[in-house]
Amino acid sequence: MNLVGTLNEFVGHYNQWIVIFLMVAGLYVVVARGNMIKKLIGLSLFQTSVYLLYISPGKLLGGTAPIIAEGFTVYSDPLPHVLILTAIVVGVATLALGLALVVRINEAYGTIEEDEIFSRNDQD
Amino acid sequence: MAEATIFNAEALFNMALLTGLAVLTFGIARLRNLFGVVVLASIYSFLMATVLVVLDAVDVAMTEASVGAGVSAVLLLSALHLTRMEEAKPMRSTLLPLFVAGVTGAVLVWGTLDLPDFGDPTQPIHAAGPDYLERTVPETGIANAVTSTLASYRGFDTLGETTVIFTAGIAVLVLLKRGTRRRNPKPGEGGDAL
(Lines give C-alpha, C1' and ligand atoms only; values in the text may rest on other atoms or scores of the structure.)
Protein backbone atom coordinates (compact mmCIF):
# COMPACT_ATOMS: atom_id res chain seq x y z
CA MET A 1 0.00 0.00 0.00
CA ASN A 2 1.30 3.47 -0.82
CA LEU A 3 1.76 6.24 1.75
CA VAL A 4 -1.44 8.20 0.90
CA GLY A 5 -3.49 4.99 1.08
CA THR A 6 -2.09 4.17 4.53
CA LEU A 7 -2.75 7.71 5.74
CA ASN A 8 -6.32 7.59 4.41
CA GLU A 9 -6.87 4.32 6.27
CA PHE A 10 -5.54 6.07 9.40
CA VAL A 11 -7.96 9.03 8.95
CA GLY A 12 -10.85 6.62 8.27
CA HIS A 13 -10.34 4.78 11.57
CA TYR A 14 -8.98 7.54 13.82
CA ASN A 15 -12.38 8.25 15.43
CA GLN A 16 -12.82 4.59 16.38
CA TRP A 17 -9.31 4.39 17.84
CA ILE A 18 -9.86 7.49 20.00
CA VAL A 19 -13.17 5.98 21.17
CA ILE A 20 -11.30 2.81 22.17
CA PHE A 21 -8.63 4.83 23.97
CA LEU A 22 -11.23 6.77 25.98
CA MET A 23 -13.08 3.52 26.71
CA VAL A 24 -10.08 1.58 28.05
CA ALA A 25 -8.90 4.66 29.97
CA GLY A 26 -12.31 4.73 31.68
CA LEU A 27 -12.07 1.00 32.33
CA TYR A 28 -8.57 1.42 33.80
CA VAL A 29 -9.67 4.23 36.13
CA VAL A 30 -12.68 2.19 37.32
CA VAL A 31 -10.56 -0.91 38.03
CA ALA A 32 -7.25 0.56 39.25
CA ARG A 33 -8.29 3.55 41.36
CA GLY A 34 -9.54 2.96 44.89
CA ASN A 35 -11.15 6.38 45.37
CA MET A 36 -14.87 6.09 44.69
CA ILE A 37 -15.36 9.56 43.21
CA LYS A 38 -12.47 8.86 40.83
CA LYS A 39 -14.13 5.57 39.90
CA LEU A 40 -17.37 7.42 39.03
CA ILE A 41 -15.41 9.90 36.88
CA GLY A 42 -13.88 6.88 35.10
CA LEU A 43 -17.38 5.55 34.50
CA SER A 44 -18.32 8.92 32.97
CA LEU A 45 -15.29 8.69 30.66
CA PHE A 46 -16.49 5.27 29.54
CA GLN A 47 -19.96 6.69 28.90
CA THR A 48 -18.74 9.65 26.83
CA SER A 49 -16.68 7.29 24.67
CA VAL A 50 -19.93 5.51 23.80
CA TYR A 51 -21.50 8.85 22.76
CA LEU A 52 -18.65 9.30 20.31
CA LEU A 53 -18.91 5.69 19.11
CA TYR A 54 -22.56 6.29 18.13
CA ILE A 55 -22.30 9.82 16.75
CA SER A 56 -19.22 9.53 14.54
CA PRO A 57 -20.53 6.96 12.00
CA GLY A 58 -23.69 9.10 11.59
CA LYS A 59 -21.58 11.97 10.24
CA LEU A 60 -21.54 12.49 6.47
CA LEU A 61 -18.58 14.51 5.24
CA GLY A 62 -19.89 17.65 3.52
CA GLY A 63 -23.22 17.19 5.32
CA THR A 64 -24.87 19.50 7.82
CA ALA A 65 -26.91 19.19 11.04
CA PRO A 66 -30.25 17.35 10.49
CA ILE A 67 -32.42 20.49 10.47
CA ILE A 68 -34.33 20.69 7.20
CA ALA A 69 -33.65 24.01 5.45
CA GLU A 70 -33.52 25.35 1.92
CA GLY A 71 -30.18 25.23 0.18
CA PHE A 72 -29.01 21.99 1.87
CA THR A 73 -29.40 18.47 0.56
CA VAL A 74 -26.94 16.37 2.61
CA TYR A 75 -27.82 15.89 6.28
CA SER A 76 -26.13 13.73 8.90
CA ASP A 77 -28.11 10.85 10.39
CA PRO A 78 -30.55 12.05 13.14
CA LEU A 79 -31.18 8.64 14.74
CA PRO A 80 -27.85 8.25 16.66
CA HIS A 81 -28.30 11.83 17.97
CA VAL A 82 -31.70 10.91 19.45
CA LEU A 83 -30.36 7.76 21.11
CA ILE A 84 -27.39 9.59 22.63
CA LEU A 85 -29.55 12.46 23.94
CA THR A 86 -31.32 9.82 26.02
CA ALA A 87 -28.00 8.24 27.05
CA ILE A 88 -26.53 11.55 28.30
CA VAL A 89 -29.46 12.23 30.61
CA VAL A 90 -29.50 8.65 31.92
CA GLY A 91 -25.72 8.98 32.45
CA VAL A 92 -26.08 11.99 34.73
CA ALA A 93 -28.85 10.19 36.67
CA THR A 94 -26.43 7.28 37.24
CA LEU A 95 -23.71 9.70 38.35
CA ALA A 96 -26.05 11.42 40.82
CA LEU A 97 -27.10 8.10 42.34
CA GLY A 98 -23.48 6.93 42.57
CA LEU A 99 -22.40 10.14 44.28
CA ALA A 100 -25.27 9.87 46.78
CA LEU A 101 -24.04 6.35 47.62
CA VAL A 102 -20.48 7.69 48.03
CA VAL A 103 -21.69 10.37 50.43
CA ARG A 104 -23.51 7.70 52.48
CA ILE A 105 -20.43 5.44 52.51
CA ASN A 106 -18.37 8.40 53.71
CA GLU A 107 -20.83 8.98 56.55
CA ALA A 108 -20.76 5.33 57.58
CA TYR A 109 -17.01 4.62 57.24
CA GLY A 110 -15.40 8.06 57.32
CA THR A 111 -13.51 7.33 54.10
CA ILE A 112 -14.20 6.85 50.39
CA GLU A 113 -11.06 4.79 49.69
CA GLU A 114 -11.86 1.21 48.76
CA ASP A 115 -8.74 -0.26 50.43
CA GLU A 116 -9.46 1.41 53.79
CA ILE A 117 -13.10 0.23 53.72
CA PHE A 118 -12.02 -3.36 52.98
CA SER A 119 -9.43 -3.37 55.78
CA ARG A 120 -12.03 -1.97 58.21
CA ASN A 121 -14.49 -4.71 57.21
CA ASP A 122 -11.80 -7.35 57.77
CA GLN A 123 -11.14 -6.06 61.32
CA ASP A 124 -14.81 -6.37 62.31
CA MET B 1 -20.14 13.21 -1.03
CA ALA B 2 -16.51 13.31 0.09
CA GLU B 3 -14.61 10.30 1.43
CA ALA B 4 -12.48 10.58 4.54
CA THR B 5 -9.03 11.45 3.22
CA ILE B 6 -6.04 13.30 4.59
CA PHE B 7 -7.10 16.23 2.37
CA ASN B 8 -10.53 16.67 3.94
CA ALA B 9 -10.58 19.71 6.28
CA GLU B 10 -13.59 18.45 8.27
CA ALA B 11 -11.92 15.10 9.02
CA LEU B 12 -8.64 16.79 10.00
CA PHE B 13 -10.31 19.31 12.32
CA ASN B 14 -12.20 16.46 13.94
CA MET B 15 -8.95 14.52 14.42
CA ALA B 16 -7.24 17.50 16.09
CA LEU B 17 -10.11 17.89 18.60
CA LEU B 18 -10.16 14.15 19.32
CA THR B 19 -6.42 14.23 20.05
CA GLY B 20 -7.13 16.97 22.62
CA LEU B 21 -9.73 14.68 24.23
CA ALA B 22 -7.20 11.85 24.49
CA VAL B 23 -4.64 14.16 26.16
CA LEU B 24 -7.24 15.39 28.68
CA THR B 25 -8.20 11.77 29.46
CA PHE B 26 -4.57 11.02 30.25
CA GLY B 27 -4.56 13.98 32.67
CA ILE B 28 -7.81 12.84 34.34
CA ALA B 29 -6.41 9.33 34.89
CA ARG B 30 -3.08 10.60 36.29
CA LEU B 31 -4.10 13.51 38.54
CA ARG B 32 -4.56 12.80 42.26
CA ASN B 33 -6.18 16.08 43.36
CA LEU B 34 -9.90 15.44 42.90
CA PHE B 35 -10.80 19.13 42.52
CA GLY B 36 -8.38 19.29 39.59
CA VAL B 37 -9.89 16.11 38.16
CA VAL B 38 -13.39 17.64 38.26
CA VAL B 39 -12.14 20.80 36.49
CA LEU B 40 -10.41 18.65 33.83
CA ALA B 41 -13.59 16.57 33.42
CA SER B 42 -15.53 19.79 32.85
CA ILE B 43 -13.06 20.93 30.17
CA TYR B 44 -13.30 17.44 28.67
CA SER B 45 -17.09 17.81 28.39
CA PHE B 46 -16.80 21.19 26.65
CA LEU B 47 -14.26 19.74 24.22
CA MET B 48 -16.57 16.77 23.65
CA ALA B 49 -19.40 19.24 22.90
CA THR B 50 -17.15 20.95 20.31
CA VAL B 51 -16.40 17.57 18.69
CA LEU B 52 -20.15 16.87 18.56
CA VAL B 53 -20.78 20.20 16.77
CA VAL B 54 -18.14 19.21 14.19
CA LEU B 55 -19.94 15.85 13.83
CA ASP B 56 -23.24 17.75 13.11
CA ALA B 57 -24.88 16.61 16.37
CA VAL B 58 -25.85 20.11 17.56
CA ASP B 59 -28.64 18.98 19.90
CA VAL B 60 -26.36 16.44 21.58
CA ALA B 61 -23.59 19.07 21.87
CA MET B 62 -25.97 21.43 23.64
CA THR B 63 -27.02 18.70 26.10
CA GLU B 64 -23.43 17.60 26.70
CA ALA B 65 -22.32 21.21 27.41
CA SER B 66 -25.15 21.84 29.88
CA VAL B 67 -25.45 18.40 31.50
CA GLY B 68 -21.90 17.05 31.14
CA ALA B 69 -19.96 20.23 31.89
CA GLY B 70 -22.58 21.95 34.07
CA VAL B 71 -24.77 19.61 36.10
CA SER B 72 -22.16 16.82 36.44
CA ALA B 73 -19.53 19.30 37.67
CA VAL B 74 -21.95 20.72 40.25
CA LEU B 75 -22.85 17.21 41.47
CA LEU B 76 -19.18 16.17 41.69
CA LEU B 77 -18.17 19.36 43.53
CA SER B 78 -21.03 18.90 46.01
CA ALA B 79 -19.90 15.33 46.65
CA LEU B 80 -16.29 16.54 47.12
CA HIS B 81 -17.52 19.14 49.62
CA LEU B 82 -19.19 16.37 51.63
CA THR B 83 -16.21 14.00 51.44
CA ARG B 84 -12.61 15.00 50.73
CA MET B 85 -10.42 16.47 47.98
CA GLU B 86 -7.32 14.26 47.94
CA GLU B 87 -7.05 10.75 46.59
CA ALA B 88 -4.93 8.31 48.65
CA LYS B 89 -1.97 6.54 47.08
CA PRO B 90 -3.01 3.09 45.82
CA MET B 91 -1.85 0.13 47.94
CA ARG B 92 -2.08 -2.40 45.13
CA SER B 93 -0.05 -2.58 41.96
CA THR B 94 -1.69 -1.07 38.87
CA LEU B 95 0.02 -3.49 36.49
CA LEU B 96 -2.90 -5.94 36.23
CA PRO B 97 -5.53 -3.25 35.41
CA LEU B 98 -3.10 -1.74 32.85
CA PHE B 99 -2.64 -5.17 31.28
CA VAL B 100 -6.43 -5.83 31.17
CA ALA B 101 -7.10 -2.38 29.66
CA GLY B 102 -4.27 -2.83 27.14
CA VAL B 103 -5.45 -6.26 25.97
CA THR B 104 -9.08 -5.04 25.72
CA GLY B 105 -7.93 -2.04 23.70
CA ALA B 106 -5.80 -4.15 21.36
CA VAL B 107 -8.66 -6.58 20.66
CA LEU B 108 -11.05 -3.68 19.99
CA VAL B 109 -8.56 -1.96 17.63
CA TRP B 110 -8.19 -5.25 15.76
CA GLY B 111 -12.00 -5.31 15.48
CA THR B 112 -12.15 -1.79 13.97
CA LEU B 113 -10.12 -2.82 10.93
CA ASP B 114 -13.27 -4.35 9.41
CA LEU B 115 -15.51 -1.38 10.26
CA PRO B 116 -16.55 1.18 7.61
CA ASP B 117 -14.43 4.32 7.22
CA PHE B 118 -15.36 7.61 8.92
CA GLY B 119 -17.90 9.55 6.81
CA ASP B 120 -18.65 6.63 4.49
CA PRO B 121 -22.23 7.23 3.17
CA THR B 122 -22.85 3.58 2.26
CA GLN B 123 -22.52 2.08 5.76
CA PRO B 124 -25.54 0.28 7.30
CA ILE B 125 -26.09 2.86 10.06
CA HIS B 126 -27.58 5.16 7.41
CA ALA B 127 -30.44 2.74 6.64
CA ALA B 128 -33.08 4.48 8.79
CA GLY B 129 -31.89 8.12 8.88
CA PRO B 130 -33.06 9.27 5.41
CA ASP B 131 -36.56 7.98 6.15
CA TYR B 132 -36.86 10.18 9.26
CA LEU B 133 -35.43 13.14 7.34
CA GLU B 134 -38.02 12.76 4.55
CA ARG B 135 -40.99 12.32 6.84
CA THR B 136 -40.28 14.98 9.46
CA VAL B 137 -41.63 18.10 7.69
CA PRO B 138 -44.69 16.53 5.94
CA GLU B 139 -45.81 14.47 8.95
CA THR B 140 -44.93 16.63 11.97
CA GLY B 141 -44.15 20.09 10.58
CA ILE B 142 -40.94 20.23 12.65
CA ALA B 143 -37.81 21.15 10.66
CA ASN B 144 -35.40 19.66 13.22
CA ALA B 145 -35.38 15.91 12.55
CA VAL B 146 -33.84 15.18 15.98
CA THR B 147 -36.72 16.88 17.80
CA SER B 148 -39.41 15.15 15.74
CA THR B 149 -37.75 11.75 16.11
CA LEU B 150 -37.25 12.19 19.86
CA ALA B 151 -40.76 13.42 20.64
CA SER B 152 -42.90 11.83 17.92
CA TYR B 153 -41.40 8.69 16.42
CA ARG B 154 -39.47 7.42 19.44
CA GLY B 155 -41.53 8.95 22.25
CA PHE B 156 -41.43 5.73 24.28
CA ASP B 157 -37.64 6.05 24.63
CA THR B 158 -38.14 9.45 26.18
CA LEU B 159 -40.82 8.06 28.51
CA GLY B 160 -38.37 5.36 29.65
CA GLU B 161 -35.67 7.99 30.15
CA THR B 162 -38.01 10.05 32.32
CA THR B 163 -38.77 6.95 34.41
CA VAL B 164 -35.04 6.36 34.95
CA ILE B 165 -34.46 9.96 36.08
CA PHE B 166 -37.50 9.80 38.39
CA THR B 167 -36.25 6.55 39.97
CA ALA B 168 -32.72 7.94 40.38
CA GLY B 169 -34.10 11.15 41.92
CA ILE B 170 -36.15 9.22 44.48
CA ALA B 171 -33.19 6.97 45.29
CA VAL B 172 -30.90 9.99 45.85
CA LEU B 173 -33.49 11.63 48.13
CA VAL B 174 -33.95 8.43 50.16
CA LEU B 175 -30.18 7.89 50.54
CA LEU B 176 -29.38 11.45 51.60
CA LYS B 177 -32.40 11.75 53.93
CA ARG B 178 -31.32 8.59 55.79
CA GLY B 179 -27.92 10.24 56.28
CA THR B 180 -29.27 13.37 57.97
CA ARG B 181 -31.48 11.33 60.31
CA ARG B 182 -28.51 9.21 61.38
CA ARG B 183 -26.42 12.24 62.24
CA ASN B 184 -29.00 13.85 64.57
CA PRO B 185 -30.91 11.03 66.29
CA LYS B 186 -33.88 12.20 68.34
CA PRO B 187 -33.90 11.31 72.06
CA GLY B 188 -35.05 7.76 72.59
CA GLU B 189 -34.53 6.89 68.93
CA GLY B 190 -31.20 5.47 67.86
CA GLY B 191 -29.75 5.76 64.35
CA ASP B 192 -30.68 3.12 61.82
CA ALA B 193 -28.58 0.00 61.78
CA LEU B 194 -26.37 -0.21 58.70
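The values are calculated or read from the model by the stated rules, or taken from the named source; none is laboratory data. Fair warning: this is a prediction, and the values are worked out from it, not measured in the lab. Here Cβ is always computed from backbone atoms with ideal geometry, including for glycine, and neighbour counts include all displayed protein chains.
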Specify which of the listed residues (B:E134, B:E139, B:E189) is out of contact with any Ser or Thr (no Cβ under 6 Å at 6 or more places or on another chain), modelled with pLDDT under 90 and farther than 30 Å from A:E70 by Cα.
B:E189
Please count how many residues of segment B:86-125 are under 25 Å from A:G110 (Cβ atoms) and either more than 7 Å from every other protein chain (Cβ to nearest Cβ) or surrounded by 15 or more Cβ atoms within 10 Å (Cβ to Cβ) (or both).
6
Given the conditions (1) more than 7 Å from chain A (Cβ to nearest Cβ); (2) within 15 Å of A:H13 (Cα to Cα), report the number of the one that B:F156 does not fulfil.
(2)
Within segment A:81-124, residues facing chain B (nearest Cβ under 7 Å), buried (at least 18 other Cβ atoms within 10 Å of the Cβ) and among the small types (G, A, S) come out as A:A93, A:A96, A:A100
Picking from A:K38, A:K59, the residue that is of a type in the set (K, R), closer than 20 Å to B:L40 by Cα, free of Cβ contacts under 8 Å to residues at least 60 places away in the same chain and at the interface with chain B (Cβ under 7 Å from one of its Cβ atoms) would be A:K38
State yes or no: is B:I165 more than 9 Å from chain A (Cβ to nearest Cβ) and either within 30 Å of B:A79 (Cα to Cα) or of a type in the set (D, E, K, R) (or both)?
no
Output for segment A:62-79, where each listed residue is on the phi < 0 side of the Ramachandran plot and more than 7 Å from chain B (Cβ to nearest Cβ)
A:E70, A:F72, A:T73
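A quick yes/no check of all residues on (1) of a type in the set (V, I, T); (2) in contact with a Pro (Cβ under 7 Å, 6 or more places away or on another chain); (3) closer than 27 Å to A:V92 by Cα:
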| position | (1), (2), (3) |
| --- | --- |
| B:V51 | yes, no, yes |
| B:V54 | yes, no, yes |
| B:A61 | no, no, yes |
| B:G70 | no, no, yes |
| B:R84 | no, no, yes |
| B:R92 | no, no, no |
| B:V107 | yes, no, no |
| B:D114 | no, no, no |
Only one of (1) touching an Asp or Glu at 6+ places or on another chain (Cβ under 9 Å); (2) at pLDDT 85 or above; (3) part of a loop (DSSP other than H, G, I, E, B) is not met by B:G119, so which one is it?
(2)
Give, as residue ranges, the helices (runs of 4 or more DSSP H) completely inside segment B:1-112 that count at least 3 residues that are out of contact with any helix residue (DSSP H, G or I) (no Cβ under 9 Å at 6 or more places or on another chain).
B:9-30, B:95-112
Does B:V54 satisfy the criteria of being within 10 Å of chain A (Cβ to nearest Cβ) and either more than 17 Å from the chain's Cα centre (by Cα) or within 13 Å of A:L52 (Cβ to Cβ) (or both)?
yes
Does any residue in segment B:149-169 that is at pLDDT 90 or above and buried (at least 17 other Cβ atoms within 10 Å of the Cβ) come within less than 8 Å, Cβ to Cβ, of a residue that is part of a helix (DSSP H, G or I) and among the polar types (S, T, N, Q) six or more places away or on a different chain, and which pairs are these?
B:E161/A:T86; B:A168/A:T94
Hey, A:S49 among the small types (G, A, S), at the interface with another protein chain (Cβ under 7 Å from one of its Cβ atoms), assigned to a helix (DSSP H, G or I) and out of contact with any His (no Cβ under 6 Å at 6 or more places or on another chain) or not
no
Picking from B:T63, B:T5, B:T83, the residue that is out of contact with any Gly (no Cβ under 8 Å at 6 or more places or on another chain), polar (S, T, N, Q) and surrounded by fewer than 19 Cβ atoms within 10 Å (Cβ to Cβ) would be B:T5
